[in-house]
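Working notes, beginning with the structure itself.
Every number here is computed from the coordinates shown, using simple stated rules; none is lab data. The structure displayed is predicted, hence computed values, not measured ones. Ideal geometry is used to build each Cβ from the backbone, glycine not excepted, and the neighbour counts take in all protein chains shown.
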Amino acid sequence: MAVKLAIHGGPRTIEVGRIQPWPPIDDTDRQFVLKSLESHRPSFGPNCEALQEEFATWNGNRFAIATNSGTAALHMGVAACGCGAGDEVIVPAYSWSSSVTCVLHHNAIPIFVDIDWETMNLDVDRIEEAITPRTKAILVVHLHGLVAPMDKILAIAEKHGLKVIEDACQAHGARYKGKKAGTWGHCAAFSCNHNKLMCAGDGGLFVTDDPAIHAQAQMLWSFGETRTPVQDRDYHAYALGWMYRMNDLTAAFGRAQLAKLQSYLDQIQENVAVLQEGLKGVSHLILPTVPDYCQHNWYNYVLRFDMQSLGHEEHPRAFRDRIVRALGAEGIPTSAWQQFILPAMTVFQARNAYGRGCPWECRSSSQADYSPDLFPVSQKHCETHTCLVMALRPPNGTDIARLLAQGIRKVMENVAQLED
Ligand SMILES: Cc1ncc(COP(=O)(O)O)c(C=O)c1O
């Protein structure tokens, strides 16, 4: 018998206040942050240095630099890999905006490649057709916490003499063939903003194993200087630099969260296993696929709706939004992540990042084609997905995961109630 959906006045699946906020805060966080406050070194202080060492060790990198955002760390990667005015960088057509605007920050030109429908990551089979004599690097995003096929990407890069920058902002602890995100390319960027699995409020980490790349990145990070604030500074700008340093309070919070990161990752695996079990056989739903050599960190659990079987292929976005509202009424907090594919965003369509057509016309008169129609897979993904994010994370456990599955099942089994 049909059950009345909560959006139409039926009972909610998950009562208000049952899902706990992210991230869990306990005495570890309080002690780290209070100690930092009392150290009277609030700018780049002892916690920043300690976080760099601890994160490099945790992730398996030689160097880490603590930044004030993941975007800053990405920009450092673009610059440190030698990408400059008029150079082209291969990027995915679907990601967070700054996965690509970081390329513009250094006057280089993003060249979009469509994503693969199954993994939602860069379609490896389309990379080579986008390479030109101007290509300098591939910026690969490990979207939603699933590492892209790095062995294939590195082989293409090596064949064409390109650098590889990993956007691992969402990929803390995710692995490909046993090896962690951020240890494959020439360098990588992690984010520590509120949503991220290692939250520090805001902030980021740049990592590399290459001393030359590390030195270049460090100059960009702190005013073009060659020494860190704790070294004997000469205050000389040796190159163009920004101010991308993390502060000590943020680093203290980040250290406390890093100490708990593995336990979070383990709990999320358990929660997702319960969710997936509960979603078995639900119609009109396309669940994420994980290649068996990948370990997903489930930063975003992405649900996609089969708009063909739902009869809404013509206007998928409107019906997806209706389902998302119905899920919300059940107490299931999902939201569509990126609503637009990147090439369709105004900054790319207007080709005017710095004014006077720069960087597209500054030096090189780039012909890069940003027609949205060239990226049909990214477009379809944009219009048919929604994401479960915080509700699958601790302190929420498998009891919540079970309820999430029940509520999603309820909406999808009664989806006819959402028709006009
Ligand atoms: C894939 C991806 N890249 C880059 C970023 C930028 O990170 P931040 O917000 O720390 O600058 C984010 C953050 O939302 C992201 O999800």
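Using θ = phi - 60° and the Karplus relation 6.51 cos²θ - 1.76 cosθ + 1.60, list the HN-Hα couplings for the stretch 17-26 in order, rounded to whole Hz, with x at every Gly or Pro.
Calculated HN-Hα couplings, in order: x, 6, 7, 8, x, 9, x, x, 10, 9 Hz.
How do the peptides 140-148, 267-275 rank, highest first, by the average count of neighbouring beta carbon atoms within 10 Å per residue? Before the final figure, lay out the partial values.
Numbers: 140-148: 27.8, 267-275: 18.9.
Ranking the peptides 140-148, 267-275 by packing returns 140-148, 267-275.
So what's the net charge close to Gly9: Lys and Arg +1, Asp and Glu -1, counting the other residues with Cβ under 15 Å from its Cβ?
On the way: positive: Lys4, Arg12, Arg325, Lys410; negative: Glu330.
Spelling it out: positives minus negatives among the neighbours equals +3.
Size of the stretch 354-409 along its principal axes in angstrom, Cα-based, largest extent first?
Dimensions of the stretch 354-409 along the principal axes of its Cα atoms: 58, 25, 13 Å.
Using a 4.7 Å Cβ cut-off, which Cys residues in the chain lack a partner cysteine?
For the chain, the answer is Cys48, Cys81, Cys83, Cys102, Cys169, Cys187, Cys192, Cys199, Cys294, Cys382, Cys387, because their Cβ atoms have no other cysteine Cβ under 4.7 Å.
So if I place +1 on the C-beta of Lys and Arg and -1 on the C-beta of Asp and Glu, and nothing else carries charge, what would the dipole magnitude of the chain be about its Cα centre? I want it in debye, nearest 20. Don't skip to the end; give the middle numbers.
Details: 37 positive and 45 negative charges, 102 e Å.
Roughly 480 debye, rounded to the nearest 20.
Net charge near Pro291, counting Lys/Arg +1 and Asp/Glu -1 over other residues with Cβ under 11 Å of its Cβ?
Working: positive: Lys177; negative: Asp116, Glu118, Asp292.
Every neighbour counted, the sum reads -2.
Residue farthest toward the positive end of the dipole of the stretch 27-258, with Cβ of Lys/Arg at +1 and Asp/Glu at -1: which of Ile156, Gln231, Val89?
Gln231
Based on the mean of other Cβ atoms within 10 Å per residue, sort peptides 238-249, 203-214 so the most packed one is first. Present the calculation step by step, with values, prior to reporting the outcome.
Working: 238-249: 18.1, 203-214: 22.3.
Top to bottom by mean Cβ count within 10 Å: 203-214, 238-249.
Tell me, how many Å apart are the Cα centres for the stretch 76-92 and for the stretch 26-64?
If you average the Cα positions of each part, the centres end up 30 Å apart.
So what is log10(I(q)/I(0)) for the stretch 27-258 at q = 0.11 1/Å, when the Debye sum runs over its Cα atoms only?
-0.51
Please compute the Cα-Cα pair-distance distribution of the stretch 1-138 with 5 Å bins starting at 0, giving whole percents from short to long.
Bins of 5 Å from zero give 2, 8, 11, 11, 12, 11, 11, 10, 10, 8, 5, 2, 0, 0 percent of pairs.
Give me the net charge for the shell around Phe223: Cβ to Cβ below 14 angstrom, other residues only, Lys and Arg +1, Asp and Glu -1. Present the calculation step by step, with values, prior to reporting the outcome.
Values: positive: Arg227, Arg233, Arg245; negative: Glu225, Asp234.
Taking every other residue near Phe223 into account, the sum is +1.
Residues with amide H under 5 Å of Lys163's amide H, sequence separation 5 or more or different chain, H placed in the peptide plane at 1.01 Å from N; which?
Residues meeting the amide H criterion: Ala137, Ile138.
Wrap a convex hull around the Cα atoms of the chain, take a quarter of its surface area, and give that in square nanometres.
Working: hull surface 85.7 nm².
Taking a quarter of the hull surface, the average projection is 21.4 nm².
Sort 220-232, 5-17, 65-77 by the packing proxy (mean of other Cβ within 10 Å over each peptide's residues), most packed first.
Working: 220-232: 16.6, 5-17: 14.5, 65-77: 27.4.
Final packing ranking: 65-77, 220-232, 5-17.
If you take the charge dipole of the chain about its Cα centre, with +1 on Lys and Arg Cβ and -1 on Asp and Glu Cβ, which of Leu143, Cys169, Ala401 is farthest toward its positive end?
Highest projection toward the positive end goes to Ala401.
Counting other beta carbons within 10 Å of each residue's own, what order do Arg255, Arg41 fall into, fewest first?
Details: Arg255 22, Arg41 15.
The fewest-first ordering by Cβ neighbours comes to Arg41, Arg255.
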